[in-house]
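Some notes on the structure that comes next.
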Amino acid sequence: MPLVDLRDLSVRYAERQQVFDPVSITLEPGGRLGIAGESGCGKTTLLKAAVGLLPATATITGSCTIRGRTGYIPQQALASLSPFLTAGEQITELTRSARRTADLLGLVGLDGPRFHQAYPHQLSGGERQCLLAAQALALGPDLIVADEPTANLDPDREAALLDLLHRHSLETGAAILVASHRERVFQTLGCPVHRMTPAFVDPASGSRGTRALPGVRPARPLLAVRRLTKSFRRRDWLTRSRPVLRALDDVSMEIRSGECVVLYGPSGAGKSTLARCIAGRERWDAGIVEWHNGAGAPAPRRVQLVQQEPSESLNPRLSIREVLQEACREADADWLPRILLPREWIDRRTSELSEGQRARIAILRAAAALQQGLLILDESLASLDPANRGHILSFLRAMQEERNLSLLLVTHDIEVGADLNARVVRLRSGHILGDAATP
């Protein structure tokens, strides 16, 4: 009998139109299927409907039958992990075996006491994603349902995780149902692909092409980071405080007015920590973060940070209008087509949007709040499909020119630098390896 049997499944929220057209899917043991489509087309809703995780406000029509144990890898890593349990404890809850826990964490690249004893907020976005994968595999599932499992992973970790899922399927006969905007995920897993209805497109919003506008010529210095050092410490009643990780080690870099810089490196390299220090969200141990005005003298900080998971910074109870009004006094519905959302959604709550749509709202809010400052995007494009990402890159370039912004993009995808004609700064294990022109 099939492990997954979905027949004419569709979902509707309240009085709104159904999220996607009726879907029928059948998966036998060992079978694989990829779910593709642009941000907002209903990929996450479909997977949550399949595993029974939709809220009570959702109305489901059609039938859904899943047999056997299911391991689910959600998209929002930080929101899906307990903040009160260490990585090791979260896996041991399921395995009931310290040895099995250690084996699983090693398989996903989180080997060693530092990872076992770390709380979710002490891990990078990619490391949290690997922890979710270990959770999904902990009970030896018959079906793995994965929602953008590689969105926050660097290429090496992505390849290792996909190989792990592939081997688990071959060895146990588990089926795989995976949603992603990366075609290489389906190619690596050997999945046939079901493509869902594209997201909203406003003809007046312009082309979705991935080609960016011409680069902005760098001008005067805006920001100088000098010999920045940051260590994270673990506190307990016996030792009081002890360093467990040096996230940044003597880091120095400069950003000029109007410049675009890509901060590139593997998961855990310290990219998010550096971004948070520059934005004033994190205290550092030693070094200087210095801002300049036109004469080269120190100036007030003008910076906006779009966090790695937009759900961290958007209040789910607020509408898009209210979220934008947090940054500006007025929220114009005409802004929404610039990020490929309908004008009439201005009063829709952010909790009713997909992760990719929330990412676009977070980027719009941050850009709208700045004038002649630094906009930092911490893996904020990771949840976007290629078409939407290309449009948002063009939107960022336009906002950069309109508002004289500098951009700092934290990313695992170095191709983003080529799209923005950016200077690339490489970070590994808390050290700057050097910078270069976009390859």
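The values are calculated or read from the model by the stated rules, or taken from the named source; none is laboratory data. Treat the numbers as computed from the prediction; the structure is a model and nothing was measured. When we count neighbours, we look across all protein chains shown, and the Cβ atoms used for this are built from the backbone with ideal geometry, even at glycine. In case anyone asks, the SASA skips ligands and DNA or RNA and just uses the protein heavy atoms, side chains included. Shrake-Rupley method; radii C 1.70, N 1.55, O 1.52, S 1.80 Å.
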**Message:** So for the stretch 65-75 (the condition being touching a Gly at 6+ places or on another chain (Cβ under 6 Å) and not aromatic (F, W, Y)), does at least one residue qualify?
**Reply:** no
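Would the stretch 289-305 turn up any residue that is in a helix (DSSP H, G or I), open to solvent by less than 40 Å² (accessible area, probe 1.4 Å) and at negative phi?
The answer is no, given that none of the residues of the stretch 289-305 is in a helix (DSSP H, G or I), open to solvent by less than 40 Å² (accessible area, probe 1.4 Å) and at negative phi.
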**Request:** Report whether or not G112 is open to solvent by 10 Å² or more (accessible area, probe 1.4 Å), over 30 Å from T26 (Cβ atoms) and among the small types (G, A, S).
**Result:** yes
**Request:** Scan the stretch 337-366 for residues that are in contact (Cβ under 8 Å) with a residue 40 or more places away in the chain and aliphatic (A, V, I, L, M) and jot them down.
**Result:** I339, L340, L341, L353, A359, I361, A362, I363, L364, A366
**Prompt:** Taking the stretch 325-335 as the region of interest, how many residues are in a helix (DSSP H, G or I) and touching a residue at least 24 places away in the same chain (Cβ under 8 Å)?
**Reply:** 3
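Just to be sure, is T70 out of contact with any Lys or Arg (no Cβ under 7 Å at 6 or more places or on another chain), open to solvent by less than 40 Å² (accessible area, probe 1.4 Å) and among the polar types (S, T, N, Q)?
no
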**Qualifying residues in the stretch 374-395 (those that are of a type in the set (D, E, K, R) and at negative phi) - the one nearest to the chain's Cα centre (by Cα)** = D378
**Prompt:** If you take the residues of the stretch 361-380 that are in a loop (DSSP other than H, G, I, E, B) and among the hydrophobic types (A, V, I, L, M, F, W, C), which of them is surrounded by the fewest Cβ atoms within 10 Å (Cβ to Cβ)?
**Reply:** A369
**Request:** Please state which one of F200, F186 is modelled with pLDDT of 90 or more, surrounded by 15 or more Cβ atoms within 10 Å (Cβ to Cβ) and within 20 Å of G390 (Cβ to Cβ).
**Result:** F186
**Asked** Would you pick out the residues in the stretch 42-62 that are in contact with a strand residue (DSSP E or B) (Cβ under 9 Å, 6 or more places away or on another chain) and assigned to a loop (DSSP other than H, G, I, E, B)?
**Response** G42, G52, L53, L54, P55, T57
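Let's see how each residue does on (1) open to solvent by less than 20 Å² (accessible area, probe 1.4 Å); (2) modelled with pLDDT of 85 or more; (3) farther than 30 Å from I35 by Cβ; (4) among the β-branched types (V, I, T):
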{"position": "L213", "(1), (2), (3), (4)": "no, no, yes, no"}
{"position": "V216", "(1), (2), (3), (4)": "no, no, yes, yes"}
{"position": "S231", "(1), (2), (3), (4)": "yes, yes, yes, no"}
{"position": "R234", "(1), (2), (3), (4)": "no, no, yes, no"}
{"position": "R246", "(1), (2), (3), (4)": "no, no, yes, no"}
{"position": "E259", "(1), (2), (3), (4)": "yes, yes, yes, no"}
{"position": "S267", "(1), (2), (3), (4)": "yes, no, no, no"}
{"position": "C277", "(1), (2), (3), (4)": "yes, yes, yes, no"}
**Given (1) closer than 27 Å to A269 by Cα; (2) open to solvent by 40 Å² or more (accessible area, probe 1.4 Å); (3) in a helix (DSSP H, G or I); (4) not polar (S, T, N, Q), number of the condition E93 does not satisfy** = (1)
**Asked** How about the stretch 307-324: which of its residues are more than 12 Å from R365 (Cβ to Cβ) and either open to solvent by 20 Å² or more (accessible area, probe 1.4 Å) or part of a loop (DSSP other than H, G, I, E, B) (or both)?
**Response** Q308, E309, S311, E312, P316, R317
**Request:** Looking at (1) more than 21 Å from K48 (Cβ to Cβ); (2) under 19 Å from the mean Cα position of the chain (by Cα), find the lone condition where Q371 falls short.
**Result:** (2)
**Members of the stretch 299-319 found to be at pLDDT 85 or above and of a type in the set (G, A, S), listed by number** = S319
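Looking for whichever is open to solvent by 60 Å² or more (accessible area, probe 1.4 Å), closer than 18 Å to A175 by Cβ, outside any loop (DSSP other than H, G, I, E, B) and in contact (Cβ under 8 Å) with a residue 12 or more places away in the chain here; the options are T26, T65. Which one fits?
Criteria check complete, one pass: T26.
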**Prompt:** So which of L94, L107 ends up being over 20 Å from the mean Cα position of the chain (by Cα) and under 25 Å from A382 (Cα atoms)?
**Reply:** L107
**Asked** With respect to the numbered conditions (1) surrounded by 14 or more Cβ atoms within 10 Å (Cβ to Cβ); (2) at pLDDT 90 or above, which one is the sole condition not fulfilled by S82?
**Response** (1)
**Request:** Look through V410, V416, V425 and report the one residue that is out of contact with any helix residue (DSSP H, G or I) (no Cβ under 9 Å at 6 or more places or on another chain), farther than 25 Å from V11 by Cα and buried (at least 19 other Cβ atoms within 10 Å of the Cβ).
**Result:** V425
